[in-house]
Amino acid sequence: MTDVSKQRLLLATRNAHKTREVREILGGGWIVEDLSVLPGLAEVEETGETFEDNAKLKALAASPHYEGWVLADDSGLEVDALGGAPGVRSARFAGDNADMAANRALLLEKLREVRGQERRGRFRCVLALAKDGEVVRTFSGSVEGFITPAERGSGGFGYDSLFIPEGSCRTFAEFTSQQKHSCSHRGRALAQAAAFLRQL
Ligand code: ITT
């Protein structure tokens with residue numbers, strides 16, 4: 001039976017780690033579905049040059065097929081010494097079919113000669129909120145930090161084992177989920193989206 005006290009939303013993602021994090025961050029007041037409820041939906045080509053462009057593309061592709069709020073997350077890691085790469089190509093850094101282990105290995109390789117402040121970077125997340133086939137708002141969050149010389153920790157996903165947020169000595173993969181969400185790019189963007197949805 002559907003719990004009418006809870007709001008429903010579709011997170012337009014095929015990344016199960018994002019779904020888990022969004023469920024943890026939003027908490028029990030929301031039923032968060034993901035693209036597993038729309039198995040026939042074609043994969044969106046992420047042709048945008050910015051996180052915002054790609055988040056909008058993903059939200060707009062799913063919205064006509066879902067009654068209610070659709071939220072799409074485009075996110076990634078920018079590294080200063082690499083001119084902002086991998087950026088919007090974070091999921092495909094080592095090639096279109098590369099897995100995250102290959103993406104992390106390539107990042108470490110590219111930064112092999114880079115020291116200190118030059119290893120500075122940030123995670124960014126842009127969320128696009130859509131309804132009835134139109135983007136209503138976007139929200140963004142970022143977290144500054146540094147890229148480690150080697151992987152550390154087993155929590156999180158993606159580049160977490162290579163990222164130390166500023167002011168910490170641990171990687172995101174060494175944080176608990178709650179510690180990560182309290183300062184992460186996704187936690188920050190989602191706090192704004194949740195506040196917006198609550199005041200409607
Ligand atoms: P969807 O497009 O289906 O949402 P995706 O994984 O392809 O899934 P993106 O295009 O937004 O998503 O790529 C983001 C990549 O950036 C993701 O695959 C991770 O490698 C990385 N990333 C994003 N947020 C992260 C986080 O919180 N921790 C570690 N890595 C993250």
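Every read-out reported here was derived from the displayed coordinates using simple, explicitly stated rules and does not represent laboratory data. What you see is a predicted model; the values in this text were computed from it and never measured. No Cβ is skipped: glycine too gets one built from the backbone with ideal geometry, and neighbour counts run over all protein chains shown.
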Crossing angle, helix 185-198 versus the chain [Cα axis fit, 0-90 degrees, rounded to tens]
20 degrees
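How do 127-137, 169-179 rank on mean C-beta neighbours within 10 Å, highest first? Write out the running numbers ahead of the final one.
Numbers: 127-137: 17.8, 169-179: 16.3.
Descending packing order for the listed peptides: 127-137, 169-179.
Lysine pairs in the chain with alpha-carbon atoms under 21 Å apart, 8 or more places apart or on different chains: how many are there? Spell out each step's value before the answer.
Numbers: Lys6/Lys18; Lys6/Lys131; Lys18/Lys56; Lys18/Lys58; Lys18/Lys131; Lys18/Lys180; Lys56/Lys131; Lys58/Lys131.
So the count works out to 8.
Less than 12 Å Cβ to Cβ from Glu33, Lys/Arg counted +1 and Asp/Glu -1: what total charge do the surrounding residues give? The partial results should precede the final answer.
On the way: positive: Lys6, Arg8, Arg23; negative: Asp34, Glu67.
Local charge sum for Glu33: +1.
Return His17, His181 ranked ascending by Cβ neighbour count within 10 Å, so the fewest neighbours appear first. Walk me through the intermediate numbers first.
Numbers: His17 13, His181 18.
So the ranking, lowest neighbour count to highest, is His17, His181.
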Top mean-square fluctuation among Gly187, Gly83, Gly145, Gaussian network model of the chain, C-alpha springs under 10 Å?
Gly83
Calculate how steeply helix 100-110 sits against the longest principal axis of the alpha-carbon atoms of the chain, using the helix alpha-carbon long axis, and give the answer as 0 to 90 degrees to the nearest 10.
40 degrees
Whole angstrom only: what separates the Cα centroid of the stretch 67-143 from the Cα centroid of the stretch 172-187?
16 Å
A correct Karplus calculation of ³J(HN,Hα) over the stretch 7-21, with 6.51 cos²θ - 1.76 cosθ + 1.60, θ = phi - 60°, whole Hz and x for Gly and Pro, returns 8, 9, 8, 9, 8, 7, 9, 10, 8, 5, 5, 5, 4, 4, 5
